[in-house]
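The values are calculated or read from the model by the stated rules, or taken from the named source; none is laboratory data. For clarity, every value in this text was computed on a predicted model and none was experimentally measured. Because the Cβ atoms are built from the backbone with ideal geometry, glycine has one as well, and the counts that use them run over all protein chains shown.
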Amino acid sequence: MRQHRLSLCKQHYLLWLPDQVERFIKKYQMFTKYERVLVAVSGGKDSLALWDILWKLGYQTEGLYINLGIDGDISYSDRSMNFAQSFADQRQLCLHVVDIKDQYLETVPEISMRTKRGREKPCSLCGLIKRYVLNQYAVNGKFDVLVTAHNLDDEAAILLANTLDWSLDYLARGKPVLPLKPGFSKKTKPFCRIYEREAAAFAILNGIEYVRDECPFSIDSKQLFYKKHLNEWEDKQPGTKLRFYLKYLSALEKGAFPSRQDSADNLVHHLCPNCGQPTTTGSLCAFCKLFKEKSISEENSIIK
Amino acid sequence: MAESNATLILNKEKLQCRSKTPLWKVMQENQISVSAHLAIRSGELITDDEMINPGDLIELIPVVSGG
Ligand code: SF4
């Protein structure tokens, strides 16, 4: 690992990575062993490696898989779910599943096809749906914290995109921990300083089976574009991604990106008249607007 | 002259490469990002500073995902 000037054998690597993760959980005060942790699981290398590490470290975890109904001629969502389910079964862990088609009568590709936002950017709509469902599940299920497996490469790519756009609102919100707020679960990213390659190496060395196919919608995604460039820099100057992210966190800490009065975070939140989740507008939240014509019935709420 | 006596496999495609050279160098010569891949030889993960031996079959696994 040139970025850390470190070379480890398999045995030590499998101890080193969980140690690192635990260090960051403590450093950023993400959660403790007395709290209930909901892990967002996609069936990919990052979320399964993270769940494995948290489980081995003795945290109280349950997983949540959201079946988005993406097929792409490779049964992408169903296959991903099978990887997540066998991972949980092998370790006797509890995996919750939310099937978007069962709950909302349409798959994510179907919703994308009939909405302007989805036709233009399926990932933006998919992200909105995932964020909503994860948050609602964590809040209604009374979990203390929601954990996602965003890794250093994800964070660096988002940071690069937000910097190129000077998206000050997003730059003000890039901490690895988002605190608990009314209607919003506490959210943390224990892999925020773990390279994507390190997470993949952990999964492979540990014999974790994960979905290797990419989501068919990810082709030409902006995030992959930024990651490609960051990796070119990383190849030439190992440690670039980590430096970029850590220097940003330190600038954020020093108040370089203050939260503005008119940012979404500071606006008074109203409750969505359909689902009761907080929203910045007085009307339906962005999620419920997607189903405006379909009108989601009471029975479709995820946890009663 | 470069020896063409080892094989890299990337996305099911085979690529002939020279041996007795560190993996990172061969990847660099073939414009394959070291940061974006892991390498497996005979079922074992190897680091990018490992020497490629004659006859090696090395599978490169892309690690970048996103959407
Ligand atoms: S690549 Fe896009 S559509 Fe596919 S799962 Fe990720 S966010 Fe959703």
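General observations
- Helices (runs of 4 or more DSSP H) wholly inside the range A:71-179 that include at least 3 residues being within 16 Å of the ligand (Cβ to nearest atom) and either of a type in the set (Ser, Thr, Tyr) or within 14 Å of chain B (Cβ to nearest Cβ) (or both): A:76-91, A:108-114, A:122-140, A:152-164
- Residues of the range B:51-67 that turn out to be within 10 Å of the chain's Cα centre (by Cα), within 12 Å of another protein chain (Cβ to nearest Cβ) and in a loop (DSSP other than H, G, I, E, B), as a count: 0
- Selection from the range B:6-31 of residues that are surrounded by 20 or more Cβ atoms within 10 Å (Cβ to Cβ) and closer than 20 Å to A:Arg197 by Cα: B:Leu8, B:Leu23, B:Val26, B:Met27
- Check on A:Asp46, assigned to a loop (DSSP other than H, G, I, E, B) and within 20 Å of A:Glu209 (Cα to Cα): no
- Residue match in the range A:184-207 (condition: away from chain B (no Cβ under 14 Å), at pLDDT below 95 and more than 16 Å from the ligand (Cβ to nearest atom)): yes
- Qualifying residue in the range B:7-19 (condition: within 21 Å of A:Tyr13 (Cα to Cα) and not small (Gly, Ala, Ser)): no
- Yes/no for A:Gly44 being within 15 Å of the ligand (Cβ to nearest atom), under 30 Å from B:Leu23 (Cα atoms) and not charged (D, E, K, R): yes
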